[in-house]
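Read the structure below first, then the notes.
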Amino acid sequence: MNQACVHNDTIDAGNHHGRPQYWPFLQFLTTQERNVVWLLLAIAFLPVDGTTLGLYAPFWSPISPALFAVYCLCNWRQLRIAANRYLPMFLLPVACIILSIPGWLRFGIHLNAAFMSITGLLGVLATLGAIAIAFGIKRIPWRTPLRILIASYWFSFGVGVVQWLSIHLHIKPLTDYFAHLMYRQYINESSVWGGGRPQFLFAEPSYIGMHLFGVLLPLMWLMRGRDRIYAKRLRNLIVVYAIGAVLMQAGTRIVLDSVVALLVAIIAHNSWCDKKQRVRGIAQLLGAVMLGLMGVLADSRLSSIAENGAEGDGSFFARIYQSLDPICGLLAHPWTVLTGYGSGNIINAVWAGAKHAERLLNGLGMNGSAAVGFATGMNADTVWTMCAYTSVVAEYGLIGLVLLVIASIVSMTRVFDTAAAEHGVWSKTVICWLVLIVYLYIQCENYAFAALPLFIFAASKLRK
């Protein structure tokens, strides 16, 4: 980071000489170009991906990708530089469209679903491009955007607390308000998804871990060695958010995600070559495992899964057949294993594979009719898999998945600053971050979620 940026960040951090708290924000706005507002709005709306105000997609309704796209268009000259730096990622949508042609010719094209899928891919590029333009090319001061991000997530947590109180105090006007605000509501008893749970501002409660450990935790890692104050603020936010979500019984996945993230953080934090830290790390890992076991015992849904298998929890079982249908659909037409069914054609894979999935589940002693029932009740615009890997393979085949992995790794390892080039990209923390990203997307199919583009941009900037 250049001297001007460091100087601006130093000014931005304080509240000196009796200046009011909002002074750094006003100073930031007056020293940056006018279109930086689009960037700040996009950052502010990152926790808001489940309201009726967002853009419709099968399982979420985000706002930030569109705002990131506007910021990129306002800086189209710098966007060309960013596209050149991350060229493999920016070529990926073109490759996916080419891969879709055989599927479109064979099964037809669902225009609305295809549009949502392709714009999801473009949303990844918009987020990556906006971050690269702002913090890689223009090198704008990062503290004000980070302060806005932290405030936004605290606000979303406060919304979750209000939702929880309104549920348990039976404040019907509030529960009705949130039920109408959320695109898929989990608030009141009329919810078909299992009511009586706060979902904050997320598309569903299971996305809590995606935000905490896909966005905030890596940012905390980035702040280590740069600014202890902001690293501490991010740590406090993550801890309070995770514990609060568990205590409010917002969902089962946050329990699992918290344990996995804790294990990964312990591995990343300790120096395993040092004997004392190795002993401490092993003790911490054992403690995290014990904490995980306690979480399983305390959570009724996890206990039911442990006792009764996959069908012990309806939501967990649904995630199995929602992915099993399209995977079996690939086997029904073996050539689609390579190129997929085409963008927007997940439903065709689901329809083709439902009967095969039914027989497989019945053979395993499970309720195979659930797989057929899911396929019957879905259409091209409403179908979902809840797994990014299943969605990518169903639409673009194994070739598409391999291209995504290669494009991500190549883009991540193209280093553009001297400091990163000196110590390389593959530090232990980067590897831990990658493992965490791979885990989180097992239960998140939203292409435009910010975790992957943040990883691609920032992995080379993590300090050892």
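Before moving on, here are some points about what is shown:
- Long-range neighbours under 7 Å by Cβ, at least six apart or interchain, first residue within 18 Å of G251 (Cα to Cα) within the stretch 310-324, second of a type in the set (S, T, N, Q): E311/N367; G312/S304; D313/S304; R319/Q443
- Residue in the stretch 308-328 that is over 26 Å from the mean Cα position of the chain (by Cα), of a type in the set (A, V, I, L, M, F, W, C) and surrounded by fewer than 19 Cβ atoms within 10 Å (Cβ to Cβ) present: no
- Scope the stretch 106-121; condition surrounded by fewer than 17 Cβ atoms within 10 Å (Cβ to Cβ) and either assigned to a helix (DSSP H, G or I) or in contact with a Leu (Cβ under 7 Å, 6 or more places away or on another chain) (or both); matching residues: R106, L111, N112, F115
- Residue check for G214: surrounded by 14 or more Cβ atoms within 10 Å (Cβ to Cβ) and either without any contact (Cβ under 8 Å) to a residue 24 or more places away in the chain or assigned to a helix (DSSP H, G or I) (or both): yes
- Test: Y186 is out of contact with any Leu (no Cβ under 6 Å at 6 or more places or on another chain), under 24 Å from I208 (Cβ atoms), outside any helix (DSSP H, G or I) and of a type in the set (F, W, Y): yes
- Single unsatisfied condition, Y341 versus (1) in a helix (DSSP H, G or I); (2) of a type in the set (F, W, Y); (3) closer than 27 Å to P93 by Cβ: (1)
- Answer from L398, L364 - the residue that is farther than 30 Å from K461 by Cβ, out of contact with any Leu (no Cβ under 9 Å at 6 or more places or on another chain) and not aromatic (F, W, Y): L364
- Residues that are open to solvent by 30 Å² or more (accessible area, probe 1.4 Å), under 25 Å from T382 (Cβ atoms) and touching a residue at least 40 places away in the same chain (Cβ under 8 Å), drawn from the stretch 83-105: I97, I101, P102, W104
- Tabulated pairs, the stretch 326-338, first farther than 13 Å from T390 by Cβ, second of a type in the set (F, W, Y) and open to solvent by less than 40 Å² (accessible area, probe 1.4 Å), C-beta under 7 angstrom, 6+ apart or interchain: none
- Here L247 meets the list (1) at pLDDT 90 or above; (2) more than 29 Å from F135 (Cα to Cα); (3) buried (at least 18 other Cβ atoms within 10 Å of the Cβ) almost entirely, failing just condition (3).
- If you go through the stretch 130-182 and keep only what is of a type in the set (S, T, Y), in contact (Cβ under 8 Å) with a residue 12 or more places away in the chain, over 17 Å from S64 (Cβ atoms) and open to solvent by 10 Å² or more (accessible area, probe 1.4 Å), you end up with just T175.
- From the list L79, L67, the lone residue that is farther than 30 Å from T382 by Cα, free of Cβ contacts under 8 Å to residues at least 60 places away in the same chain and open to solvent by 20 Å² or more (accessible area, probe 1.4 Å) is L79.
- Taken over the stretch 263-288, residues that are in contact with a helix residue (DSSP H, G or I) (Cβ under 8 Å, 6 or more places away or on another chain), surrounded by fewer than 16 Cβ atoms within 10 Å (Cβ to Cβ) and at pLDDT 80 or above amount to 2.
- Scanning the stretch 426-456 for residues that are crowded, with 21+ Cβ neighbours inside 10 Å and among the basic types (K, R) returns no hits.
- The listed residue being in contact with a helix residue (DSSP H, G or I) (Cβ under 9 Å, 6 or more places away or on another chain) and within 21 Å of M386 (Cα to Cα), out of D257, D299: D257
The values are calculated or read from the model by the stated rules, or taken from the named source; none is laboratory data. Predicted model, so just to flag it, every value in this text is computed and none were measured. Every residue, glycine among them, receives a Cβ derived from its backbone with ideal geometry; neighbour counts consider all protein chains shown. Heavy atoms of the whole protein, side chains included, go into the accessibility calculation; ligands, DNA and RNA do not. Shrake-Rupley method; radii C 1.70, N 1.55, O 1.52, S 1.80 Å.
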